[in-house]
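In what follows, a single structure is set out as structure tokens and then discussed.
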Amino acid sequence: MNTKPESQSLAAWVEETREGIDSGRFPVRAFNDQAVYDLEQERLFSKTWCFLAHESEIPHPGDYVTRYIGNNNLIVARDEHGKIHANLNMCRHRGNVMCKAEMGNASHFRCSYHGWTYKNSGELVGVPYMKEGYEGRLKRKDWGLVRVRVDSYEGLVFGCLDPEAPPLDEYLGGFQFYLDLYLKHGLGGVEVHGPPDHWIADTDWKICTENFAGDGYHTPVAHQWGFHLGYFPSSGSTHSQGWAVSIPGKGHGIGLGHGPNFPPFGGFPDDLVAEMKQSLSPEQVEVFSRTRTAVGSVFPNLSFLMQPFSLEPGEIGVRFVTMRLYHPVGPGRMEMYSWCLVPKNASQEYKKEAYRAYTLAFGQAGTFEQDDFENWTKVTQAAGMTMVRDVDFPYIMGMDSAPDPEFPGPGHAVVPYVNDTNFRNLWSRWADYLAGEV
Ligand SMILES: [Fe+2]
């Protein structure tokens, strides 16, 4: 039980929280609290690798999108040589926003205040009144836009504000095996199907990350109408069928729900399946062929889901992939970004059907999305109540689960799929950052 925050410092509260996670407890307060939100900005989002964009959102030289890491607004742009850059969306002269659009194409950005002009790579190239005003004192190379480290994996572009943080590969720490299940859909990989839906929700970002780190527990309850109406037919699975896989010490986690009555690779066109078997390793094919629903989160706030949705009730349906980013904008408040990913080499017909399935299930007004946010918003409201400030949640499912020695992928894979192991790993990593130990 956490003691009341008024009687202890935030640092002591974080320490107590860390100890609680080991015994399967996590404080409700973490999901809606100004001090926790501020600490996350300071210690978490300033250190982790955060998702910025998919390469297919900015395929041509000059293409850009504006995105966030924590409260920092960034311009993510492809330069004239094809290289992707992320720079703070702020003029170095007096701090005006450089780019007011969410997406577009530009070789340069010109400040609307005093007219400083930068290349889309961030270099300062134009300063009005340069000679007469600065008399040789201003060196353009010293006053480019503030740069952010960028790295990518299979088309996913990430940024990191910490120059000392380990490289992206190390940060992902083996979770690439599972990311491939969403990204290597054929030899051409995947692409976004249009720009993301995005909207503000009165929900804490962490609730979403946790849910998508493999919460198979809520599915038959929160999404029961999907089953009843035949849009998500029962696969014949029970709580015990499937794996919960986490990467210890990294925070990433995925739930792999089996479907005994569901055909391997069901919901994908046959020609695509043949290509997928070439782009994935034999171990990945084994995991994939037994999985109906794969729901995973990259720490801290990027998630993926792949599942079938029946456009005609009762049919196997169309397998689609959604990618989601939970951008925190305040305590208990976030901006949700939601994309549909489709295989580049798939037919137009399949792409259209997959997008339809995604929209009906996980688009902004999708049935599953509505089910989830109704619950998540209420949890967030509850977490802001004064009476819960010394109350914990139980995270004690699977406390003694041993890893499955037969599982062919990396990480810590436990059976059954309905399990809190992934969540303890997630909160433990979160607490490490908040304690300043990463
Ligand atoms: Fe859900």
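The values are calculated or read from the model by the stated rules, or taken from the named source; none is laboratory data. What you see is a predicted model; the values in this text were computed from it and never measured. Here the Cβ positions follow ideal geometry from the backbone for every residue, glycine too, while neighbour counts run over all protein chains shown. The protein model used for the area step is the full one, side chains on, heavy atoms only, and it has no ligands, DNA or RNA in it. Shrake-Rupley method; radii C 1.70, N 1.55, O 1.52, S 1.80 Å.
Taking a ≥ b ≥ c as the square roots of the eigenvalues of the Cα gyration tensor, an a/c ratio of 1.5 or more together with a/b no larger than b/c marks the stretch 349-438 as oblate. Straight-distance candidates among the aspartates and glutamates for linking to K131, with alpha-carbon spacing under 19 Å and chain neighbours fewer than 8 residues away dropped: E123, D142. Checking every one of the chymotrypsin sites (Phe, Trp or Tyr not before Pro) in the stretch 40-113 against DSSP loop status and a limit of 14 other Cβ atoms within 10 Å picks out Y113. Taking the charge dipole of the stretch 50-160 about its Cα centre, with +1 at Lys and Arg Cβ atoms and -1 at Asp and Glu Cβ atoms, the residue from G82, H114, L124 reaching farthest to the positive side is H114.
Would you mind pulling out the separation of the Cα centroids of the stretch 331-359 and the stretch 408-438, in Å? Their Cα centres are 27 Å away from one another.
Taking Cα atoms only, the orientation of helix 367-383 departs from the longest principal axis of the chain by about 70 degrees.
Among A357, F288, M336, whose Cα sits farthest toward the positive end of the charge dipole of the chain (+1 at Cβ of Lys/Arg, -1 at Cβ of Asp/Glu, about the Cα centre)? Of the options given, the answer is M336.
For W49, no residue 5 or more places off, or on another chain, has a built amide H under 5 Å of its own. Judged by the ratio a/c of the largest to the smallest principal axis of the C-alpha gyration tensor, the stretch 272-324 counts as oblate, that ratio being 1.5 or greater while a/b is no larger than b/c.
Overall, the accessible surface of the stretch 239-313 at a probe of 1.4 angstrom is composed of carbon and sulfur to the extent of 50 percent. Multiplying the residue separation of R333 and N73 by 0.36 nm and removing their Cα-Cα distance gives an extension gain of 91.9 nm. Taking every protein chain into account, the 1.4 Å probe leaves F362 with about 10 Å² of accessible area, to the nearest ten. Along the stretch 140-155 the Karplus relation, 6.51 cos²θ - 1.76 cosθ + 1.60 evaluated at θ = phi - 60°, assigns HN-Hα couplings of 4, 5, 8, 10, x, 4, 5, 7, 10, 4, 10, 8, 9, 9, 6, x Hz to successive residues, with x for each Gly and Pro.
In the full protein context, the stretch 174-434 carries 37 Å² of accessible surface per residue, based on a 1.4 Å probe and ignoring ligands, DNA and RNA. Along the stretch 130-136 the Karplus relation, 6.51 cos²θ - 1.76 cosθ + 1.60 evaluated at θ = phi - 60°, assigns HN-Hα couplings of 4, 5, 6, x, 9, 6, x Hz to successive residues, with x for each Gly and Pro.
The residue list P269, F227, L302 was ranked by how far each Cα lies along the charge dipole of the stretch 174-434 toward its positive end, using unit charges on Cβ atoms, and L302 comes out on top. The phi-based Karplus calculation (6.51 cos²θ - 1.76 cosθ + 1.60; θ = phi - 60°) puts the 3J(HN,Hα) values of the stretch 305-313 at 9, 10, 7, x, 9, 8, 5, 10, x Hz, whole numbers, x for Gly and Pro. Within the same chain, lysines fewer than 8 places from K47 are excluded, and of the rest, those with a Cα less than 21 Å from its Cα are K206, K250.
Dipole check for the chain: with +1 at the C-beta of Lys and Arg, -1 at the C-beta of Asp and Glu, and the Cα centre as origin, the magnitude is about 1360 Debye.
In the chain, the calculated helix contribution to ellipticity at 222 nm averages -7500 deg cm²/dmol per residue, counting -39,500 (n - 2.57) for every DSSP H run with n ≥ 4. Scanning residues 5 or more positions from D33 or on other chains, those with amide H under 5 Å from its amide H are G332, with H placed 1.01 Å from N in the peptide plane.
Computed with a 1.4 Å probe over protein heavy atoms only, the accessible surface of the stretch 50-160 comes to 50 Å² per residue. Between G255, G242, G266, the residue with the greatest mean-square fluctuation in the GNM of the chain (Cα pairs under 10 Å linked by springs) is G266. Each Lys and Arg Cβ is given +1 and each Asp and Glu Cβ -1; about its Cα centre, the stretch 257-388 then shows a dipole of about 280 debye.
Close amide H partners of M98, meaning residues 5 or more places away or on another chain with modelled amide H under 5 Å apart, are M90, C91.
The aspartates and glutamates whose alpha-carbon is closer than 17 Å to the alpha-carbon of K344, local same-chain residues fewer than 8 away aside, are E55, E57, E154, D180, E191, D270, D271, E275, E353. The overall shape of the chain, judged from the alpha-carbon gyration tensor, is oblate: a/c is not under 1.5, and a/b is no greater than b/c.
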